[in-house]
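*Asks:* Okay, handing you the structure first.
No lab work stands behind these numbers, since they all come straight from the coordinates. This one's a predicted model, so the numbers in the text were calculated from it and none came from an experiment. Ideal geometry is used to build each Cβ from the backbone, glycine not excepted, and the neighbour counts take in all protein chains shown.
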Amino acid sequence: LEALDAFLGTGTDAEKATMFFDAHETADGELVLVTDYEWRFPSREACLRQLTSVVNEYAVWTHSCAAFHAGAVRSPDGELVLLPAPSGNGKSTLTGAFVAAGWDYLGDEAIGVRPDSLVAVGYPKRLAIDASSRAVLNLPESDSADLDPAEISADVTRLDGDVGPISRVVLPTYQEGAEVTVQRLEPHEAVVELLANTLNLARAGQAALDAVCDLAATVPVERLIHGDAHQAVARVSTQLV
């Protein structure tokens, strides 16, 4: 368990735990991870490669807020930006580029947003990064698909639990060679985009739907197209509301 905690890094708060994990190794070297389900891995290394996927399943089992498939970061001036996007749109790479620029890190996979207050709930797991993303972030090659944000910026601040209200929603799409463009969406367009990136709508019901509608109605929602994550960060930084 100590090895699993060390791999996941800081991402806990003082609230009473609602889910417990246990782990043990079998005589033939398998690692068994147990909660209300049981996962069996052929080795510790295999477990670590899939651990974030297992934990992610539980992170979005909330009933009290909308869980978005999104990254989230906070600027040095305190502006909190939500980055919802489907897989393959460069969300984690862009989140890492924000960290490299000195922004605080809430997560790159699942971010909660509470209805009414629109407070973001951070889940600062390790980033899911492939080889091309490592190159963009000027990081050394690695066989690992996970990245501790401290490898990008040693003094990064990880923010978990209730962090503060969302200031801006940016929907990123990476297109090779594209110039950076930002388009403000109308509320009805924003609702469609946000619903497409909500992970727990069926489970959370009205609470999640209220959060989606409140975001679309009260917070700037923009579509960002870019071909360079660092240029995109610079553009977003200069246009903060």
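*Asks:* Counting only other residues whose beta carbon sits under 10 Å from that of residue 216, what net charge do I get with K and R as +1, D and E as -1?
*Replies:* -4
*Asks:* Let me ask you something else. On the first, second and third principal axes, largest extent first, how far apart are the outermost C-alpha atoms of the chain in Å?
*Replies:* Largest to smallest, the principal-axis extents are 58, 42, 27 Å.
*Asks:* In whole Å, what is the distance between the alpha-carbon centres of the range 189-211 and the range 148-176?
*Replies:* Between the Cα centre of the range 189-211 and that of the range 148-176, the gap is 20 Å.
*Asks:* Order these peptides, 199-208, 117-126, by their mean beta-carbon neighbour count within 10 angstrom, highest first.
*Replies:* Result, highest mean first: 117-126, 199-208.
*Asks:* Ranked highest first by the average count of other Cβ atoms within 10 Å around their residues, in what order do 219-232, 33-46, 95-108 fall?
*Replies:* Ranking the peptides 219-232, 33-46, 95-108 by packing returns 95-108, 219-232, 33-46.
*Asks:* Quick one: of the DSSP bridges fully inside the range 64-238, what percent are antiparallel, nearest 5? The partial results should precede the final answer.
*Replies:* Numbers: 25 of 34 bridges.
In the range 64-238, approximately 75 percent of DSSP beta bridges are antiparallel ones.
*Asks:* Once phi is turned into θ = phi - 60°, what whole-Hz ³J(HN,Hα) does the Karplus curve with 6.51, -1.76 and 1.60 give for every residue of the range 142-157, x standing for Gly and Pro?
*Replies:* For the range 142-157, the Karplus curve yields 7, 7, 7, 8, 10, 9, 6, x, 5, 6, 8, 9, 4, 9, 4, 9 Hz.
*Asks:* Check which residues have an amide H placed less than 5 Å from residue 71's amide H, if you skip close sequence neighbours.
*Replies:* Correct list: 83, 85.
*Asks:* Only helices at least 15 Å long along their axis, Cα-based, and averaging 1.0 or more on Kyte-Doolittle count here, so list those DSSP H runs from the chain.
*Replies:* Working: long enough: 44-59 (22 Å, -0.23); 206-218 (17 Å, 0.93).
None clear 15 Å together with a mean of 1.0.
*Asks:* Explain nothing, just compute: Karplus ³J(HN,Hα) = 6.51 cos²θ - 1.76 cosθ + 1.60, θ = phi - 60°, for every residue of the range 105-120 in order, whole Hz, x for Gly and Pro.
*Replies:* Ordered by residue, 3J(HN,Hα) equals 10, 9, x, 10, 10, 9, 10, x, 9, 7, x, 6, 7, 6, 6, 7 Hz.
*Asks:* To continue, here is another question. Name the residues whose placed amide hydrogens come within less than 5 Å of the amide hydrogen of residue 227, ignoring near sequence neighbours (fewer than 5 apart) on the same chain.
*Replies:* 175, 178, 180
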